[in-house]
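What follows is one structure encoded as structure tokens, with my remarks underneath.
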Amino acid sequence: MAIVQTQCTVFKTKMLSALENFNTGTPYVYKIALYQATASLNADTLVYTTEGEITGTGYIAGGKILTPTVPASSNGTAYISFANVNWNPASFTTRGALIYNSTTGSAVAVLDFGSDKVPNQVTGFTITFPTATATSAIIRIS
């Protein structure tokens with residue numbers, strides 16, 4: 001089992017079928033769920049799963065709602081990112097995350113943190129998303 005950072009293939013297919021929408025006022029809600037190193041998440045992940053999802057103080061199964069930036073494009077690349085998300089108080093260990101459409105359950109992207117991460121006793125656990133630009137946004141299509 002492994003966590004491989006990637007955009008999920010099902011997300012790409014749904015984008016081409018106009019079945020994903022990050023705009024304000026969309027009927028879709030996007031979330032981020034946290035996972036243990038034993039989880040199996042990769043490009044073939046189809047939907048949100050509880051298999052390998054973490055448990056611990058301050059974490060609720062299914063994760064947290066994400067606030068997307070406004071979709072934009074530059075130099076032939078379309079992109080979007082999200083506002084940072086924080087769990088506080090928090091007591092758990094996590095290795096990666098799944099961004100998913102909680103309205104449909106469909107997987108969007110897998111994040112691999114590179115190693116197990118443990119929350120700070122004072123500030124909790126924060127996922128800091130990259131700036132929404134064509135070269136750094138968390139989701140880019142070029």
Hits among aspartates and glutamates - C-alpha to C-alpha of residue 64 under 15 Å, sequence gap 8 or more where chains match: 53
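Quickly estimate the mean residue ellipticity at 222 nm for the chain, helices only: each DSSP H run with n ≥ 4 gives -39500 (n - 2.57), and the total goes over all residues, rounded to 500. Don't skip to the end; give the middle numbers.
Working: 1 runs with 8 residues, N = 142.
About -1500 deg cm²/dmol.
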Can you tally the net charge around residue 20? Count Lys and Arg as +1, Asp and Glu as -1, for every other residue whose Cβ sits under 12 Å from the Cβ of residue 20. +2
The answer for the chain, accessible area per residue at 1.4 Å probe in Å², is 52 Å²
Which labelled figure in (i) 15.3; (ii) 19.2; (iii) 15.9 is Kirkwood radius over Cα pairs in Å, once derived from the coordinates: (i)
Could you grab the relative contact order for the chain? Cα pairs under 8 Å, six or more apart, rounded to a whole percent. 30 percent
In a shell of Cβ-Cβ distance under 12 Å around residue 95, excluding residue 95 itself, what net charge do Lys and Arg (+1) and Asp and Glu (-1) give? -2
Cβ-based net charge around residue 85, under 15 Å, with every Lys or Arg adding one and every Asp or Glu removing one: +3
Computed for the chain: size of charge dipole around the Cα centre, +1 on C-beta of each Lys and Arg, -1 on C-beta of each Asp and Glu, debye to nearest 20, value 220 debye
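The values are calculated or read from the model by the stated rules, or taken from the named source; none is laboratory data. Keep in mind that this is a model prediction, so the values were computed, not measured. Cβ: placed from backbone, ideal geometry, glycine included. Neighbour counts: every protein chain shown. These accessible areas exclude ligands, DNA and RNA; they are computed on the full protein's heavy atoms, side chains included. Shrake-Rupley method; radii C 1.70, N 1.55, O 1.52, S 1.80 Å.
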